[in-house]
Amino acid sequence: MDLTSEKIQRILSKYKFRDVAVEELEKIHRIYPGMKPSTGTYTFSDSTQKDLLKLTGTIPVQYEGRSYNFPIQLWLLDSFPFTPPICHLKPTSNMVIREGKHVDARGRIHLPGLHNWDYPKSSVVGLLNEMVTKFQEDPPLSSKTTPDNKDPHELLAFVSNFRISDGGIGHHDQPINKVSVIGGGDLGMASVMSILSKCKVDKLVFIDVAESSTKGGSTDLEIFSLPKVEVSRDISASAGSRVVVVTANAWSSEQSYVTVVQTNVDLYRGIIPNLARLSPSAVMLIASQPVDIMTHVAWRQSGLPPTHVIGAGCNLDSERLSHVMDINLNTHKPAWVIGELSDNKIPVMSNSGLNSNASPEIAQGSSSTKPLLDRAFEIMKNRGQRSWSVGLSIADITNSVLTDKKVVHSVSTLAQGWGGIAVEVFLSLPCIMGVNGSTRLAGVSLGQQEDSKLRNSVTSLSSLMAQLRI
């Protein structure tokens, strides 16, 4: 983002948190390069005026199978990013604003993300992603009535002529249920086949990343030409996906574990920001290893809200645990495995039965549930996490998102604030999964042994993250 002009530098010098503001502007540019900075004088409702920075550009909105670019403008107050921007639609002369739940008659945008702004949890990138989601549900622009257009609520066909640079979405039909799998190898192939079997998709894009050490499988898919599957080596083919699954790994021959993980982080730096830019409303599902760390890295690099970046985490173990509890131990209650995908993972049980209509809650740790959970864990031992098993788990999560199923999966998610966790760390927690991503279940008090395992994981994961160059 070019912030070098004299006018911009003069205005920026008056911002209370200049360095932080510049850092946020650079993040916006990485994900939404079409948002251009400039200066202007904003007039507030009490008629006072102030010289401020503003961002002007378009956001991609899909509606009834087509993609449109909606022009918007964001005014950044001098206390940005600790206060939210003032957001407006900027219709052209041929457009008319449709007043609704999220936009008033003057074009000012009102969203939950603005009302609940809490930096650094909140960001402009997250806000733009929220706009895309809300505007897809209820487009706030239509064409003006003309003799040839009697319906003022008809979405502007010509809006699609606003092009997004760098491989963005133009004026063409987009399949509604599009899923992209990034990374070849056994897990990538297992994910593709499982998603095709489990999910109702209009299009599945398989992208074999050249830099990944888990390459392979794309040639066979091309040879046998599966229905609805597109094989590509270009990240831009993922544009407009509702779910993006990342299975790519780039293991090096280095001896240091930190160096090995850093190789994966470097691979992600080249693909994650582009994936987020091309599919800003997607749920990003991470399966690269170590999954808790790589999900954290993907969230940092993508700029997406934490509800839209999850890891496969302990979902496979959780499904196995529930099955054992139900079939072998006759408990008939959902159970989940939470924490780090390691020896520190912890089993927990639901308060309600499998067929209950009650809202799911995690049961408090007690002397009555612990023996059952320990017995179930013993039965599960040595099952391992083979590629086809993880692929089935990935397909199950994907299906919950595509169908807005609102069922609970134990996925790697931002755990800060859950159960007294004060630091920024990703762990598997039970989350309700749907079209808008993940919603964590409320935290509970764990037993002393379980709480100690969780705290140890928080410490070790935080320590590793601090050593990585994101």
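The values are calculated or read from the model by the stated rules, or taken from the named source; none is laboratory data. Predicted model, so just to flag it, every value in this text is computed and none were measured. All Cβ positions, even for glycine, are placed from backbone atoms using ideal geometry, and neighbour counts span all protein chains on display. SASA here: full protein model, heavy atoms, side chains in, ligands and nucleic acids out. Shrake-Rupley method; radii C 1.70, N 1.55, O 1.52, S 1.80 Å.
Report whether or not Asp104 is within 24 Å of Phe17 (Cα to Cα) and of a type in the set (Asp, Glu).
Against the criterion (within 24 Å of Phe17 (Cα to Cα) and of a type in the set (Asp, Glu)), Asp104 does not qualify.
Inclusion of Pro37 among residues that are closer than 18 Å to Arg277 by Cβ, in contact (Cβ under 8 Å) with a residue 24 or more places away in the chain and assigned to a loop (DSSP other than H, G, I, E, B) is not warranted.
In the set Ser352, Ser342, Ser281, only one residue is in a loop (DSSP other than H, G, I, E, B), hydroxyl-bearing (Ser, Thr, Tyr) and without any contact (Cβ under 8 Å) to a residue 60 or more places away in the chain; that residue is Ser352. The set of residues from segment 428-467 being without any contact (Cβ under 8 Å) to a residue 12 or more places away in the chain and either exposed (fewer than 14 other Cβ atoms within 10 Å of the Cβ) or assigned by the TED database to the domain that holds Val244 (or both) comprises Gln448, Gln449, Ser452, Thr459, Ser463, Ala466.
Where strands (runs of 3 or more DSSP E) fall entirely within segment 60-135, those with at least 1 residues that are within 26 Å of Pro273 (Cα to Cα) are at 66-76, 86-89. Restricting attention to segment 2-33, the residues being open to solvent by less than 40 Å² (accessible area, probe 1.4 Å) and either out of contact with any Lys or Arg (no Cβ under 8 Å at 6 or more places or on another chain) or modelled with pLDDT of 90 or more (or both) number 10.
Candidates Thr56, Thr4: the one that is assigned to a strand (DSSP E or B) and without any contact (Cβ under 8 Å) to a residue 40 or more places away in the chain is Thr56. Restricted to strands (runs of 3 or more DSSP E) entirely inside segment 151-236, those with at least 3 residues that are at pLDDT 50 or above and crowded, with 20+ Cβ neighbours inside 10 Å are 178-182, 203-207. In a residue-by-residue description of segment 288-295, the property of being open to solvent by less than 20 Å² (accessible area, probe 1.4 Å), modelled with pLDDT under 95, outside any loop (DSSP other than H, G, I, E, B) and touching a helix residue (DSSP H, G or I) at 6+ places or on another chain (Cβ under 9 Å) applies to no position.
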